[in-house]
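S.K.: The structure that follows is given in the form of structure tokens.
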2 protein chains.
Amino acid sequence: MYGTSMKKRLSKTDWLDHGLRTLAVSGANSLKAEPLSRSLKVSRGSFYWHFKDIDHFQTDLLACWKKRATDDIIAEIKKIDGDSTRLAALMKKAMRGTDDLERAIRSWATENSAVAETVSIVDETRLAYLAEILIAAGVAPSQVRSRTAFIYWARLGQIMMDVNKTELSDADIEGLAKLLQS
Amino acid sequence: MYGTSMKKRLSKTDWLDHGLRTLAVSGANSLKAEPLSRSLKVSRGSFYWHFKDIDHFQTDLLACWKKRATDDIIAEIKKIDGDSTRLAALMKKAMRGTDDLERAIRSWATENSAVAETVSIVDETRLAYLAEILIAAGVAPSQVRSRTAFIYWARLGQIMMDVNKTELSDADIEGLAKLLQS
DNA sequence: TATGTTCCATACATAACTGTATGGAACATA
DNA sequence: TATGTTCCATACAGTTATGTATGGAACATA
């Protein structure tokens, strides 16, 4: 039992999971029937049984990511009561490390308008959540919109930078958070 | 005399200019000999006369962008004396609008390590420039690194967002700049 | 206008991927 | 174990790209 599972036959979900992994690791250019089949050690017959064509596969994949991203936000919102209302706490969790899948999705969105559309919707959800945090932190209403955008952009940009040479320390984040909620 | 120039024969520079335009408009996936030749209304014979192969073309294209990006920074630095030393002034110029070429380059870098390498170098140059601005603005040395990174990330993230639904007003930027140089 | 250089068209061989059609294997269940 | 359903392999046709080889057009200059 080496590798990832020893199942003989694949489900649609198997394909989509593998698709998301591939997207994160190799980018949207690798979302093709032939290479995907190879890496799953099956023929394209399997792919074309589960999906009508590449477009449908990518559409399903995108929906899969959207649901996942949205669920994550909802889970975060449910935790808003104690600690996480503080901006610094959120930033210490979110403003660090890499996110290959997010980065790949962003890159994909640059060349695919359907992806861009979905990404835009997810952005709205996240921005709304972040705005709530700022409001709860007591940021003046007139400042909420711009600061929310600024923080969100910053995380995005951080994700797009290849290596994170500039890892933020706790003190760094506390300093920034203090500014941004003043 | 319609369209872009009526020259009969193309130079290497013509090809590279067209490459950068294509990159900005259609993304790195369109940097292929066949489509590029089509849109220039010549055969691939022209392409393969000027460039050994696709890799060499892309390498030249990347060098072209790097030089341009670096020159831009140098030009900015030369202007540091009056107005531009103020962070707000810089942000009013830089933190607005779209930048399709930059966005396409970033997306490209996600899937091509050579591109990522070059982008990383350009990032360093820009970050160093931005840090100078913050220092000149009187930001405490201990805060310079994290705030520089934060601002740079924010511009990057802004570029990666498809439409700029959240355009910053002068007041927004002045507010943010005031925070970030305090 | 003759000539060498620069640039391009065309034809060919090769590779990777798409999508379809068809037969058959694997599986669950009666 | 018989049977219908689910899943996959294989073979084929078509598309789009790469890179090379070769001949010839366009150009500058003597």
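The values are calculated or read from the model by the stated rules, or taken from the named source; none is laboratory data. Note that the structure is a prediction, hence the values are computed from the model and not measured. Counting neighbours? That spans all protein chains shown, and the Cβs are built from the backbone with ideal geometry, glycine included. Ligands, DNA and RNA are stripped out before the accessible areas are found, and what is left, the full protein with its side chains, is counted by its heavy atoms. Shrake-Rupley method; radii C 1.70, N 1.55, O 1.52, S 1.80 Å.
S.K.: Average partner chain C-beta neighbours within 10 Å, per residue of A:28-39?
M.R.: 1
S.K.: Same structure again: Just to check I understand the Karplus step: with θ = phi - 60° and J = 6.51 cos²θ - 1.76 cosθ + 1.60, what whole-Hz values come out for region B:155-161, glycine and proline as x?
M.R.: Each residue of region B:155-161 in turn: 5, 4, x, 4, 5, 6, 6 Hz.
S.K.: Across every pair of different alpha-carbon atoms, what Kirkwood hydrodynamic radius in Å does region B:70-180 reach?
M.R.: By the Kirkwood definition, the hydrodynamic radius is 14.9 Å.
S.K.: Still on this structure, please answer the following. For peptide B:113-125, what's the mean number of Cβ atoms from other chains within 10 Å of each residue's Cβ?
M.R.: Mean partner-chain Cβ count within 10 Å for B:113-125: 1.
S.K.: Between B:Asp53 and B:Ser182, what is the spin-label point distance in nm, taking each point 7 Å from the Cα along the Cα→C-beta axis?
M.R.: 5.7 nm
S.K.: Sticking with this one: Determine the shielding of peptide A:142-152 by partner chains: average, over its residues, the number of Cβ atoms on other chains within 10 angstrom of each Cβ.
M.R.: Average neighbour count from other chains, rounded to a whole number: 6.
S.K.: Expressed as a whole number of Å, what is the distance separating the alpha-carbon centroids of region A:137-182 and region A:46-110?
M.R.: Centre-to-centre distance over Cα atoms comes out at 19 Å.
S.K.: Between chains A and B, what is the buried accessible area summed over both chains (1.4 Å probe, protein heavy atoms, nearest 100 Å²)?
M.R.: Rounded to the nearest hundred, the buried surface is 3700 Å².
S.K.: Let me ask something else about it. Which FRET efficiency value, to the nearest 0.05, is calculated for A:Ser142 and B:Arg96 with the Förster distance at 25 angstrom and r the Cβ-Cβ distance?
M.R.: Computed FRET efficiency for A:Ser142 and B:Arg96 comes out at 0.85.
S.K.: List the aspartates and glutamates whose alpha-carbon lies under 16 Å from that of A:Lys79, not counting same-chain residues fewer than 8 positions away?
M.R.: Leaving aside aspartates and glutamates fewer than 8 places away in the same chain, those within reach of A:Lys79 are A:Asp71, A:Glu132.
S.K.: Which angle between 0 and 90 degrees, to the nearest 10, do you get for helix A:100-111 versus the longest principal axis of chain A when only C-alpha atoms count?
M.R.: The helix A:100-111 is inclined about 80 degrees to chain A.
S.K.: Take the Cα gyration tensor of the protein assembly as shown, multiply each eigenvalue by 5, square-root it, and list the three semi-axes largest first, rounded to whole angstrom.
M.R.: Calculated on Cα positions only, the semi-axes equal 36, 32, 17 Å.
S.K.: How would you order B:124-130, A:128-134 from highest to lowest mean count of nearby Cβ atoms within 10 Å?
M.R.: A:128-134, B:124-130
S.K.: Could you grab the relative contact order for region B:12-180? Cα pairs under 8 Å, six or more apart, rounded to a whole percent.
M.R.: Relative contact order for region B:12-180 comes out at 26 percent.
S.K.: Return one whole number: the accessible area per residue of the protein assembly as shown in Å², for a 1.4 Å probe.
M.R.: For the protein assembly as shown, the per-residue accessible area is 52 Å².
S.K.: How far, in degrees from 0 to 90, does helix B:113-136 lean away from the longest principal axis of the Cα atoms of chain B, to the nearest 10?
M.R.: It is inclined by approximately 30 degrees.
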